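Inspection log for the structure reproduced underneath, given as structure tokens.
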Amino acid sequence: MSPAKATAASKASKSSKSEMCYELLRGRILDGTYGPGYRLVFDQLAREAGVSTIPLREAVRRLQSDGLVEIVRNVGARVAVFDRSQVEHSLNVLARLEGYATAISAPLMSPENIAEARAINDRMVEALADFDPTAFTALNRRFHFSLYAHCPDRHLNALLESEWARLDHMRRSTFTYVPGRARTSVREHEHLLDLIGAGADPGEIERAACAHKIATAAALHQAKTGTP
């Protein structure tokens, strides 16, 4: 093997190991195996994954960029710790991304696509009778991603995926804190689908989708402060 090919193979191997470490750690953070504040001990994790600490550190840097890991002085790397205010901020950021993504996805949705989204929302309505916040949140995620599936902007899709993942880590379910928001949320979904089905102006769709997420952030803030 030539020196150039050997170098390329070495880089590919390091990249593969780093990706493996990233997926391993990210999965454990999002499924709750590593909860907020969990300390990431590189030597221990490297032994467990069967790699050196180099690809592990690269993976941790990516997770830090994702907002899932933080580096704390005199502590080192740990799973990020959040408070409800940060959830509110993330919801407000997601509102802007979601509004735009829904608006540019809307003209690309067929009647069948809209019907599929309605079916998910119908399941959310049924779930209100025997309310499970975590299950309801999973359906809520499916509903919104059924709209994003038609978004032609890959970078925007990546941002949405990243922000949702961050929110999934920060809280298992916003509806745990504001269960009353669930019933209003499904009505807002129905209104949004009505706008999309009627071929409404993209600006109107964007405003409706953005307002929907901002209303969730506002409900969470009210629950935290006790304001009416």
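Each value in this text was obtained by applying a stated rule to the coordinates, not by laboratory testing. Note that the coordinates shown come from a computational prediction; the quantities given were computed from them, not determined experimentally. Neighbour counts are summed over all protein chains in view; Cβ atoms, including those assigned to glycine, are modelled from backbone coordinates with ideal geometry.
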What residue among Ala46, Ala117, Ala103 has the largest mean-square fluctuation in a Gaussian network model of the chain, using Cα springs under 10 Å? Ala46
Amide H to amide H, which residues 5 or more places from Val69 or on other chains are under 5 Å from it, using H placed in the peptide plane? Gln64, Ala80
Whole-Å distance, taken between Cα centres, linking the stretch 104-129 and the stretch 19-33: 30
Nonlocal amide H pairs with Gly76, under 5 Å, H built at 1.01 Å: none
Per 0.36 nm of contour for each residue apart, how much would the distance between Ala158 and Arg123 grow if the chain were fully extended, relative to their Cα-Cα spacing? 9.9 nm
Taking a ≥ b ≥ c as the square roots of the Cα gyration tensor eigenvalues, with a/c under 1.5 meaning rounded and otherwise prolate when a/b beats b/c or oblate if not, the stretch 92-194 comes out oblate
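Counting only other residues whose beta carbon sits under 10 Å from that of Arg78, what net charge do I get with K and R as +1, D and E as -1? All intermediate terms of the calculation are to be shown ahead of the outcome.
Numbers: positive: Arg39; negative: Glu70.
Surrounding charge for Arg78 is 0.
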Give the shape of the stretch 6-79 as rounded, prolate or oblate, defined through the alpha-carbon gyration tensor: a ≥ b ≥ c are the square roots of its eigenvalues, a/c under 1.5 means rounded, and otherwise the shape is prolate if a/b is larger than b/c and oblate if not. prolate
Karplus couplings for the stretch 66-79 from phi (6.51 cos²θ - 1.76 cosθ + 1.60, θ = phi - 60°), rounded to Hz, Gly and Pro as x? 6, x, 9, 10, 10, 9, 10, 4, 6, 10, x, 7, 8, 5
222 nm mean residue ellipticity, helices alone, for the chain (DSSP H n ≥ 4; -39,500 (n - 2.57); rounded to 500): -24000 deg cm²/dmol
Tell me the label-point distance for the pair Arg61, Met20, using the 7 Å Cα-to-Cβ offset, in nm and rounded to one decimal. 2.0
Which residues does the label zone of Val75 cover in the stretch 23-39, counting backbone N under 14 Å from a point 7 Å along Cα→Cβ? 35-39
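Under the definition of Cα pairs under 8 Å and six or more residues apart, what whole-number percent is the relative contact order of the chain? It would help to have the intermediate numbers written out before the result.
Working: 236 pairs, mean separation 57.6, N = 228.
Across the chain, relative contact order equals 25 percent.
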